[in-house]
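A.B. asks: The structure under discussion is supplied below as structure tokens; questions concerning it will follow.
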Amino acid sequence: MKDFNWMHHDIRIEAIKLALQENDHAIHDEEAKFRQFDVVNDCSDHYFANSKHAAYKRACFTSTGNGALYKKIMQDWRILEKDLPESIYVRVYAGRVDLLRAAIIGARETPYHDGLFFFDFAFPCDYPNRPPLVYYHSHGLRLNPNLYSGGAVCLSLLNTWFGTENEKWNPSVSTVLQVLVSLQGIVLNDKPYYNEPGFKLSGSWETYNEDAFLLSCKTMLFLLQNPPRNFEAFVVGHFCERANSILSACKAFQDGHVRVGLYRDENRPICMSEIQASDRFKKSMDKLYKDLLVGFAKNGASNLQNDLIEEFGDEIENIGLKQKRVIEKKKLGESCEIIVYLKSILGLNKGGKKLENNSNGIKMNTS
């Protein structure tokens, strides 16, 4: 990283802070208010709300239509409200008790580290004799053998995969909570390569972990752009809180300090012996890291100033500033130009000034 001859390091950081200041929306306060279980009204983007499964709109899902079914679903609600693990969040719908949406946080030491994974549930009219239908919001990505790019979920507990009688859905004892815990612990595990013992995948578990982590990162970018309804504040707060940890994991994997998918925590020591990641993974991670960094910064994550300078410092230097009195003119001269540039990176420029590409393809303020 070159030192700028026209600007001190602290001034660069101050300029970036000013650029990011407008995007601060009291993120942590919003996340603190987000309840693990809640009843909401809007189910318009739920997969099963407007799907071809018209049966799920029948009157059997009202308290007067089928008292036994309604009672069973209310029992599931109470279990979820009382016993949800802290890494699983659920929304149910006042006007459609047959529907449910869950968000699962990927566990540490897995290739799904701090990712968010959303599942839509629909209860059949003969529930609990049949298990609920489950749809995974894949964004077209296949990041696990049990989670298909089309949204299908293969799990013995849902009777969508082979298993012993003890592993399959049991109307007497099985619950939605068991399904959610199984998705988190059995499906989104540390070595998903071995999830399908009856089908031999190509490559190795290490290679599969690399692909799973890359696809998990892409899923994060999709969610930052278009969070599921009723989870908007949760998505913002989660990635603000976990941004540094996710970026630290990206660097640790890329630098060979820990095998991909086995990262613990940015505050805990990691293996310093080199573990070689594939060239394909490193190349993909180069671009994804920058995309995540910008995405998290736009989302409101703090403490990313040094990372932004490290990744985009050369582009900032190429602005070619002539003014020298930076501190006294934070809203003019050099500092203002850097703010405008960073806002263009983060999509925050609202000044209406024309941005044009320079020779490197970087959008610069020409006014």
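A.B. asks: If you check every pair at least six apart or on different chains, which have Cβ atoms under 6 Å apart with a residue in segment 74-101 that is farther than 11 Å from Phe37 by Cα first and a residue that is surrounded by fewer than 18 Cβ atoms within 10 Å (Cβ to Cβ) and not hydroxyl-bearing (Ser, Thr, Tyr) second?
C.D. replies: Listed by first residue and then by second, the contacts come to Ala94/Val39; Ala94/Asn41.
A.B. asks: Based on what the data block shows, is Thr207 under 13 Å from Gly115 (Cβ atoms), out of contact with any Asp or Glu (no Cβ under 9 Å at 6 or more places or on another chain) and not hydrophobic (A, V, I, L, M, F, W, C)?
C.D. replies: No.
A.B. asks: If you scan segment 278-304, which residues turn out to be among the acidic types (Asp, Glu) and under 16 Å from the mean Cα position of the chain (by Cα)?
C.D. replies: Within segment 278-304, just Asp291 meets the criteria.
A.B. asks: If you scan segment 98-136, which residues turn out to be farther than 21 Å from Ala212 by Cα and of a type in the set (Lys, Arg)?
C.D. replies: Arg101, Arg130
A.B. asks: Could you please find all residues in segment 186-210 being in a helix (DSSP H, G or I) and either open to solvent by less than 50 Å² (accessible area, probe 1.4 Å) or touching a residue at least 12 places away in the same chain (Cβ under 8 Å) (or both)?
C.D. replies: The answer is Ile186, Val187, Pro192, Tyr193, Asn195, Trp205, Glu206, Thr207, Tyr208, Asn209, Glu210.
A.B. asks: Can you pull out the strands (runs of 3 or more DSSP E) entirely within segment 87-148 that have at least 3 residues that are touching a Ser or Thr at 6+ places or on another chain (Cβ under 7 Å)?
C.D. replies: Strands (runs of 3 or more DSSP E) meeting the threshold: none at all.
A.B. asks: Starting from residues that are among the charged types (D, E, K, R) and over 15 Å from Phe296 (Cβ atoms), keep the ones in segment 211-265 and report whichever is surrounded by the most Cβ atoms within 10 Å (Cβ to Cβ). Reasoning before the result, please.
C.D. replies: If we filter segment 211-265 for residues that are among the charged types (D, E, K, R), which is where we start, we get 211, 218, 229, 232, 241-242, 251, 255, 259, 264-265.
Restricting the remaining residues to those that are over 15 Å from Phe296 (Cβ atoms) gives 211, 229, 232, 255, 259, 264-265.
Values: Asp211: 21, Arg229: 14, Glu232: 13, Asp255: 14, Arg259: 18, Arg264: 15, Asp265: 13.
Within segment 211-265, the match that is surrounded by the most Cβ atoms within 10 Å (Cβ to Cβ) is Asp211.
A.B. asks: Do you know which residues across segment 106-147 are open to solvent by 10 Å² or more (accessible area, probe 1.4 Å), within 20 Å of Asn226 (Cβ to Cβ) and not small (Gly, Ala, Ser)?
C.D. replies: Tyr135, His137, His139, Leu141, Arg142
The values are calculated or read from the model by the stated rules, or taken from the named source; none is laboratory data. Since the model is a prediction, treat every value here as computed from it, not as a measurement. Backbone-built Cβ (ideal geometry, glycine too); neighbour counts: all protein chains shown. These area figures cover heavy atoms from the full protein model, side chains too; ligands, DNA and RNA do not enter into them. Shrake-Rupley method; radii C 1.70, N 1.55, O 1.52, S 1.80 Å.
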